[in-house]
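Read the figures in this text as sums done on the coordinates, not as results from a lab. No experiment lies behind these values; they were computed from the predicted model shown. Here the Cβ positions follow ideal geometry from the backbone for every residue, glycine too, while neighbour counts run over all protein chains shown.
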Amino acid sequence: MNLRGKTAVVTGGSRGIGRAIVRRLAADGAEVLFSYAKDEDAARAVAAGTGARAVRADMGAAEDLRRLFDAAGALDILVNNAGIPSTTTLLDTSEADYDRVMAVNAKGTFLAMQHAARRMGDGGRIVSISTMSTVWAGPGESAYAASKAAVEQLTRVAAKELGPRGITVNAVSPGPTDTDLLRGAVGGDALAATAQMIPLGRLGQPADVADVVAFLVGPDARWITGQNLRATGGLV
């Protein structure tokens with residue numbers, strides 16, 4: 001319970017990796033507020049199971065972000081987990097689709113960092129979820145990989161700007177992780193083939209990523225900042 005007395009905001013906390021992060025931080029003693037985009041039933045289930053509070057917010061909408069952080073008040077931890085994928089090729093990606101991916105994944109993270117840093121005391125923690133696609137991108141990931149590359153650069157700069165206040169800023173880049181999103185995008189045979197490519201011999205689980213996040217927001221990671229930890233099972 002090394003986060004007892006800490007307040008955390010987790011964006012996109014109703015499903016997948018975000019849900020696992022909410023569960024882990026709550027289990028570690030933090031008071032958690034999380035956002036969700038659409039699935040109110042899923043958000044209620046997470047809140048009921050963890051004691052966390054849920055706020056509906058679109059991470060691509062500046063006013064929703066302001067409302068989310070106003071609900072949090074003073075905080076100690078921010079986990080930028082909310083994000084949307086893009087699977088269309090460079091030539092087929094419309095300007096509107098590109099703008100939407102950038103608004104949620106890059107601009108949303110940027111604004112969340114601003115809101116959090118203004119409300120954090122010294123010694124706060126910021127962690128943003130990126131992706132291994134910034135170093136191993138596949139076809140159809142141009143907008144998505146670009147948006148997450150922006151997140152990684154924000155992490156490096158913010159670590160330097162907020163370091164004098166003792167605030168650490170890091171990123172975590174998961175590899176293939178067994179979530180509804182991955183299973184919906186990749187068929188059964190392809191999913192098995194992906195698992196076989198990973199040196200540790202299996203897909204990641206949401207809890208695997210949540211445990212890395214818990215380390216970074218905890219006291220043992222006090223000397224780590226400006227880093228991007230790849231939680232990929234050795235794939236990259």
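Ranked by the mean number of other Cβ atoms within 10 Å of their residues, highest first, the peptides 82-89, 32-39 come out as 32-39, 82-89.
Can you say what percent of the DSSP beta bridges in the chain, counting only those with both residues inside, are antiparallel? Round to 5. Around 0 percent antiparallel, to the nearest 5. Out of all Cα-Cα pairs in segment 165-236, roughly what percent, to the nearest whole number, are more than 18 Å apart? Pairs farther apart than 18 Å: 45 percent. What's the local net charge at ARG183, with K and R +1, D and E -1, over the other residues with C-beta under 13 Å away? Net of charged neighbours comes to -2. For ARG53 and LEU90, the FRET efficiency from 1/(1 + (r/R0)^6), where r spans their Cβ atoms and R0 equals 41 Å, is about 0.55. Structural size metrics of the chain, computed from C-alpha coordinates, are Rg and Dmax of 16.7, 49 Å. Estimated from helical segments only, the mean residue ellipticity of the chain at 222 nm is -13000 deg cm²/dmol, where each DSSP H run of four or more residues counts as -39500 (n - 2.57). For the options GLY49, GLY16, GLY184, a Gaussian network treatment of the chain with springs between C-alpha atoms closer than 10 Å singles out GLY184 as fluctuating the most. When the label point is put 7 Å from the Cα of ASP39 along its Cα-to-beta-carbon vector, which residues of segment 105-134 have a backbone N closer than 15 Å? The answer is none.
Each of ILE126, ILE77, ILE224 has some number of other Cβ atoms within 10 Å of its Cβ, and from fewest to most they run ILE224, ILE77, ILE126.
Here segment 64-191 yields Rg over Rh of 1.01, to two decimals, using C-alpha coordinates and the Kirkwood radius. The local environment of VAL46, defined by Cβ-Cβ distances under 9 Å, has a net charge of +4 under the rule Lys, Arg +1 and Asp, Glu -1. Scanning residues 5 or more positions from ALA231 or on other chains, those with amide H under 5 Å from its amide H are SER173, GLY175, with H placed 1.01 Å from N in the peptide plane.
Each residue, ARG156 and ARG222, gets one label point 7 Å from its Cα in the Cβ direction; the gap between the two is 2.8 nm.
Scanning the chain for helices, which whole DSSP H stretches are 24 Å or more long along the axis (Cα) and average 0.0 or more by Kyte-Doolittle? Helices meeting the criterion: 142-162. Pairs of Lys residues in the chain, spaced 8 or more positions apart or belonging to different chains, with C-alpha separations under 21 angstrom: 4 in total. Projected onto planes of every orientation and averaged, the convex hull of the alpha-carbon atoms in segment 11-114 covers 6.7 nm².
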